[in-house]
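Below is one structure, written out as structure tokens, with a few remarks after it.
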Amino acid sequence: MNELVIIQQKEAITTSLKVAEAFDKRHDVVLRDIQNLLESLQGLDREQVRLLKFVESYYFNAQNKKQKMYKLNHQAFTLLAMGYTGTKALKFKLLYMQAFDEM
């Protein structure tokens, strides 16, 4: 598996493609989950969501066809991943809690 997080313009980011790979999900499912999150966030106070970055982007698939994806910052990724279940999601949540406790 490729690295889940990369540094881009001095910010840790990931993509919806990497999230799909890391959590063994189809990319269209991750895109749907992000869209659902974005819709849910619309009703919240601007201050509550100011740190979340879901940036629409594109990639070219194996057939050289332009496909939608999202770039996510740390906060957006964490919000998305906390909604997932299963063994990989549980491992992520435990590692996240451990890292938080060590701070």
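Brief remarks follow.
- Summary of packing: across the peptides 49-60, 25-36, the per-residue average of other C-beta atoms within 10 Å ranks them, highest first, as 25-36, 49-60.
- Total charge dipole magnitude, region 40-87, about the Cα centre, Cβ charges on Lys, Arg, Asp, Glu only, Debye to nearest 20: 260 debye
- Pairs of Cα atoms farther than 17 Å apart, the chain, %: 55 percent
- Share of carbon and sulfur in the accessible heavy-atom surface of the chain [1.4 Å probe, %]: 53 percent
- Average accessible surface for the chain: 72 Å² per residue, computed with a 1.4 Å probe over protein heavy atoms with every protein chain in place.
- Net length gained if the chain between Lys91 and Ile7 were fully extended (0.36 nm per residue, minus Cα distance): 28.0 nm
- Taking label points 7 Å from Cα along the Cα-to-Cβ direction, Gln98 and Leu44 give a separation of 2.7 nm.
- Proximal aspartates and glutamates to Lys18, defined as alpha-carbon separation beneath 15 angstrom and excluding residues fewer than eight positions away on the same chain: Glu3, Asp28, Asp33, Glu56
- Net charge dipole size for the chain [Lys, Arg +1 and Asp, Glu -1 on Cβ; Debye, nearest 20]: 360 debye
- Burial ranking of peptide ranges 75-82, 13-20 (average Cβ count within 10 Å, highest at the top): 13-20, 75-82
The values are calculated or read from the model by the stated rules, or taken from the named source; none is laboratory data. Please read all numbers here as calculations on a predicted model, not as lab measurements. Cβ sites come from the backbone with ideal geometry, for glycine too, and all protein chains shown count toward neighbours. For accessibility, only protein heavy atoms count, side chains too; no ligands or nucleic acids. Shrake-Rupley method; radii C 1.70, N 1.55, O 1.52, S 1.80 Å.
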